[in-house]
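To start, the structure under review is shown below, and the notes come after it.
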Amino acid sequence: MVTSATLYNIMQFLNITIDIRNVCVFLAPFFSSLTTIVTYLLTKELKVCDLAGLVAAAMIAIVPGYISRSVAGSYDNEGIAIFCMLLTYYFWIKAVNTGTILWATLTALAYFYMVSSWGGYVFLINLIPLHVLALMLLGRFSARVYVAYSTLYCVGTVLSMQISFVGFQPVQSSEHMLALGVFGLCQLYAFADYLRYHLSPANFELLFKALLTTLLATLGTAVVVLTVTGKISPWTGRFYSLLDPSYAKNNIPIIASVSEHQPTSWSSFYFDLQVLVFLFPAGLYFCFAKLTDANIFIILYGVLSIYFAGVMVRLMLVLAPVMCIVSGVAASSLLSLHVKDIEPKVEKPDKKKKHENNLVFRSEVGAIFVCVLGCLLVSYVFHCTWVTSEAYSSPSIVLSARAHDGARIIFDDFREAYTWLKMNTPEDSKVMSWWDYGYQITAMANRTVIVDNNTWNNTHISRVGQAMASSEEHAYEIMRELDVDYVLVIFGGLVGYSSDDINKFLWMVRIGGSTDRGAHIKEADYYTGSGEFRVDAHGSPTLLNCLMYKMSYYKFGLVYTEGGRPPGYDRVRGAEIGNKDFNLDVLEEAYTTEHWLVRIYKVKPLPNRGL
Amino acid sequence: MEALFAIPFSVLELPNIKIKKPSWLQAPSAMTTFSLVLFSYFLVTGGIIYDVIVEPPSVGSTTDEHGHSRPVAFMPNRVNGQYIMEGLASSFLFSLGGLGFIILDRTHNPTTPKLNRILLISVAFLCILVSFFTTWIFMRMKLPGYLQN
């Protein structure tokens, strides 16, 4: 947000009047163009192959994995964060290669920008110390790395603590302990080298062993004591679930329920990266073949991001840049080898004849390879443009579908419902819905919501989940406690929209049952005897009488949805609903949109007379 | 000062142990590490984490008109779901394509004999082309509208 405000003010100062809304909408594409430039600089700095930078920049310009998060209008942290991350990495590689304080300080400034934009800075502050540690283990630790890392750690940590969200975490939380540990280790290593230079070998051995044992002992006890007394907090849930993917599934259902947090399948990799998945191993091979300090960093970055992208689909975004860099290295190394072959040099006489003879068909192989790689890259372009136009270019609030005769049908139900709420309800009314729609209701209907996408208060969301999963009477108590006036549900059974609340219902049950007051809600009650989730006559009675079921299917039993099917046929679940004619006791239907996608109910006030 | 340090050792006796680093413990070579990395790439891009968390079946099954259940290789219409076998098959193809490019680089030095070089180059091109086209076909089977408007 600060970035958009700064850009807006700069442009106002230059008398370029662009509305702030347009600045926000186009911020992400602008920063992704800057990312392309930084990728070019970063790949050039790796010095594996001269022209790798251009290829990598061309690839990252269209890679779907990054485009998905940087379309115009997506005003999320990741739009700027990837630019900041690659900028920090570029400065870090420069600092390691040159060893000057200037580049290290620039790295710290870029790191500060990264911390202020995204919580994913934890990845950076663990990757860079891991790189330094790897260099130490491989015997490549030199004065340059020492200067670079010490400057970066000191300046970067002090700067990052200026952000109020981070505060004192760099010295208190386990996620930052690796950086602190490696910083200490750097000092010790440099000190040991200094002593080795000044002392005789025998004296040095003795001093070194004594110091090492004392230090390990004190450090070990210090870490154990601090962790046990709780001064160093353990890894927080959202990062711990990256190391142990089953943790979120078993313990924190609200993290596990987000669809972006699901593990990745092969088709997501291929869909977002296409030809890069083939070039990535080749690029790693080239980096391994010519190991330098900078290459080790890229190898570590690549391997770690592959693992993290496998754990969580959302982190495909972090993988896309390194895939482009490494594939750029591979493509340009191979091309530079083979393009030279196409035009064979005039051969020098006799001495070289013995060796040259073995390289038969040089120019043919070179030409064939250049053609093949050219075709692969052209298909990459076609794939990226198709994916971007089909999957990542649709607005998310207006849906469209094609009828069987090819005509396009527009579903504008969301805006219809939110406008109805804005026009027809008192201004101070409170709307209860699932947290996915919170921001939309707040922004477009301008009404207070009970829970929204910030998902800050898990207990509160759990209470809403309990209300949705309980029977009407029980839910009415919860709704009166939360002071709810209107309830909103999304129902896709009439048109076949599969991201509706009944499909999300099991998550509501799990989250509702995860706190103390929801202990009576057990997931098993909502399945049939054979363990299936069904909404037809075989469905579990708890499910057929809960509030969510009744709100979704109120009066649905009278509607014919598909030819040849009985009334009340749910097109998403593919079943005729079990509980058809029922009346609502505590709610009354306020509004249902044209395609029944959004249904709004008013909570009835307490009856005037007793009994 | 020496006297101060000598006090504990008037009571304690140093054990005479000789601990040496075992000679077979060495840092792995670059290519060994690379093969380990390639193996882990094969596992992760095959969706092994997805398999462990979501526990999909190894192949899916549908029932056709006569009531027989037929196996389904690819989970249809979803980019974010897979069966175990399709994941492993695809990541095998990814690694094969990568290996094809690597072979192309290894054959480019003058010391390989002629026949070896021709064979290896043809194998490499075969790897690259087969894996590319097969993954393209897999994606078509999974998403029927792939690369069509």
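Please go through (1) more than 16 Å from B:Tyr50 (Cβ to Cβ); (2) more than 10 Å from chain B (Cβ to nearest Cβ); (3) in contact (Cβ under 8 Å) with a residue 12 or more places away in the chain for A:His261 and return the number of the only condition it doesn't satisfy.
So the condition that A:His261 fails would be (1).
Tell me which helices (runs of 4 or more DSSP H) are completely within the range A:502-582 and hold 3 or more residues being under 17 Å from A:His595 (Cα atoms) and at pLDDT 85 or above, or say none if there are none. So that I can check it myself, show each step before the final result.
Working: elements: A:505-512, A:541-544, A:547-553.
Where helices (runs of 4 or more DSSP H) fall fully within the range A:502-582 and carry at least 3 residues being under 17 Å from A:His595 (Cα atoms) and at pLDDT 85 or above, they are A:547-553.
Among the residues of the range A:1-36, write down those that are more than 23 Å from A:Ile67 (Cα to Cα), hydrophobic (A, V, I, L, M, F, W, C) and in a helix (DSSP H, G or I).
Initial filter on the range A:1-36 (more than 23 Å from A:Ile67 (Cα to Cα)): A:5-6, A:8-19.
Of the ones still in play, those that are also hydrophobic (A, V, I, L, M, F, W, C) are A:5, A:10-11, A:13-14, A:16, A:18.
Once the filter is applied, which keeps residues that are more than 23 Å from A:Ile67 (Cα to Cα), hydrophobic (A, V, I, L, M, F, W, C) and in a helix (DSSP H, G or I), the range A:1-36 yields A:Ala5, A:Ile10, A:Met11, A:Phe13.
What is the number of the single condition among (1) more than 7 Å from every other protein chain (Cβ to nearest Cβ); (2) hydroxyl-bearing (Ser, Thr, Tyr); (3) under 25 Å from A:Tyr270 (Cβ atoms) that B:Ser122 does not meet?
(3)
Restricting the search to the range A:129-153, which residues are among the hydroxyl-bearing types (Ser, Thr, Tyr), buried (at least 17 other Cβ atoms within 10 Å of the Cβ) and in contact with a Gly (Cβ under 9 Å, 6 or more places away or on another chain)?
Within the range A:129-153, A:Tyr146 is the sole residue that qualifies.
Could you list all residues from the range A:46-60 that are in a helix (DSSP H, G or I), out of contact with any Cys (no Cβ under 7 Å at 6 or more places or on another chain) and buried (at least 18 other Cβ atoms within 10 Å of the Cβ)?
A:Leu46, A:Ala52, A:Gly53, A:Val55, A:Ala57, A:Ala58
Residues to consider are A:Tyr285, A:Tyr307; find the one that is more than 21 Å from the chain's Cα centre (by Cα) and at the interface with chain B (Cβ under 9 Å from one of its Cβ atoms). Spell out the reasoning first.
On the way: A:Tyr307 fails: more than 21 Å from the chain's Cα centre (by Cα).
None of the others qualify; the one that does is A:Tyr285.
Exactly one of (1) at negative phi; (2) in contact with a helix residue (DSSP H, G or I) (Cβ under 8 Å, 6 or more places away or on another chain); (3) at the interface with chain A (Cβ under 10 Å from one of its Cβ atoms) is unmet by B:Leu147. Its number?
(1)
One residue is enough: does the range B:66-82 have a residue meeting the conditions facing chain A (nearest Cβ under 10 Å), surrounded by 14 or more Cβ atoms within 10 Å (Cβ to Cβ), within 30 Å of A:Met323 (Cα to Cα) and small (Gly, Ala, Ser)? Break it down into steps so the answer makes sense when it comes.
The initial filter retains those residues of the range B:66-82 that are facing chain A (nearest Cβ under 10 Å), namely B:74-75, B:78-82.
Going one step further and asking which of them are surrounded by 14 or more Cβ atoms within 10 Å (Cβ to Cβ), we end up with B:74-75, B:79-82.
The next check asks that each one be within 30 Å of A:Met323 (Cα to Cα); those that pass are B:74-75, B:79-82.
Still in the list and also small (Gly, Ala, Ser): B:81.
Yes, the range B:66-82 contains at least one residue that is facing chain A (nearest Cβ under 10 Å), surrounded by 14 or more Cβ atoms within 10 Å (Cβ to Cβ), within 30 Å of A:Met323 (Cα to Cα) and small (Gly, Ala, Ser).
So, in the range A:270-282, of the ones that are crowded, with 24+ Cβ neighbours inside 10 Å and within 7 Å of chain B (Cβ to nearest Cβ), which residue ends up farthest from the chain's Cα centre (by Cα)?
Among those residues, the one meeting the criterion is A:Ala282.
For the range B:59-88, which positions are in contact with a Pro (Cβ under 8 Å, 6 or more places away or on another chain) and assigned to a strand (DSSP E or B)? Outline the logic, then answer.
Step one: list which residues in the range B:59-88 are in contact with a Pro (Cβ under 8 Å, 6 or more places away or on another chain), which gives B:59-61, B:75-77, B:81-84.
If the condition is that a residue be in contact with a Pro (Cβ under 8 Å, 6 or more places away or on another chain) and assigned to a strand (DSSP E or B), then B:Gly60, B:Ser61 are the ones that fit.
Taking the range A:369-391, which residues are within 11 Å of another protein chain (Cβ to nearest Cβ), surrounded by 15 or more Cβ atoms within 10 Å (Cβ to Cβ) and of a type in the set (Val, Ile, Thr)?
A:Val372, A:Val387
Could you list, in sequence order, all residues of the range A:368-400 that are touching a residue at least 40 places away in the same chain (Cβ under 8 Å) and small (Gly, Ala, Ser)?
Those that are touching a residue at least 40 places away in the same chain (Cβ under 8 Å) and small (Gly, Ala, Ser): A:Ser379, A:Ala391, A:Ser393.
Just to verify a result, which residue in the range B:43-58, among those that are out of contact with any Phe, Trp or Tyr (no Cβ under 7 Å at 6 or more places or on another chain) and either in a loop (DSSP other than H, G, I, E, B) or of a type in the set (Phe, Trp, Tyr) (or both), is nearest to A:Leu242 (Cα to Cα)?
Going residue by residue through the range B:43-58, those that are out of contact with any Phe, Trp or Tyr (no Cβ under 7 Å at 6 or more places or on another chain) are B:43, B:48-55.
Keeping just the survivors that are either in a loop (DSSP other than H, G, I, E, B) or of a type in the set (Phe, Trp, Tyr) (or both) gives B:50, B:55.
On the way: B:Tyr50: 13, B:Glu55: 18 Å.
Residue satisfying both the conditions and the ranking: B:Tyr50.
Suppose we filter A:Gly574, A:Gly568, A:Gly563, A:Gly578 for residues that are out of contact with any strand residue (DSSP E or B) (no Cβ under 6 Å at 6 or more places or on another chain), buried (at least 18 other Cβ atoms within 10 Å of the Cβ) and within 21 Å of A:Val535 (Cα to Cα); which single one remains? Break it down stepwise before answering.
Values: A:Gly574 fails: buried (at least 18 other Cβ atoms within 10 Å of the Cβ); A:Gly568 fails: out of contact with any strand residue (DSSP E or B) (no Cβ under 6 Å at 6 or more places or on another chain); A:Gly563 fails: buried (at least 18 other Cβ atoms within 10 Å of the Cβ).
Going through A:Gly574, A:Gly568, A:Gly563, A:Gly578 in turn, just one is out of contact with any strand residue (DSSP E or B) (no Cβ under 6 Å at 6 or more places or on another chain), buried (at least 18 other Cβ atoms within 10 Å of the Cβ) and within 21 Å of A:Val535 (Cα to Cα): A:Gly578.
Would you check if A:Phe239 is among the aromatic types (Phe, Trp, Tyr), in contact (Cβ under 8 Å) with a residue 60 or more places away in the chain and surrounded by 14 or more Cβ atoms within 10 Å (Cβ to Cβ)? I'd like the intermediate steps shown before the answer.
On the way: among the aromatic types (Phe, Trp, Tyr): yes; in contact (Cβ under 8 Å) with a residue 60 or more places away in the chain: yes; surrounded by 14 or more Cβ atoms within 10 Å (Cβ to Cβ): yes.
Criteria met by A:Phe239.
The values are calculated or read from the model by the stated rules, or taken from the named source; none is laboratory data. This structure is a prediction, so every number in the text was calculated from the model and none was measured. Quick reminder, even Gly has a Cβ in these numbers, built from the backbone with ideal geometry, and neighbours come from all protein chains shown.
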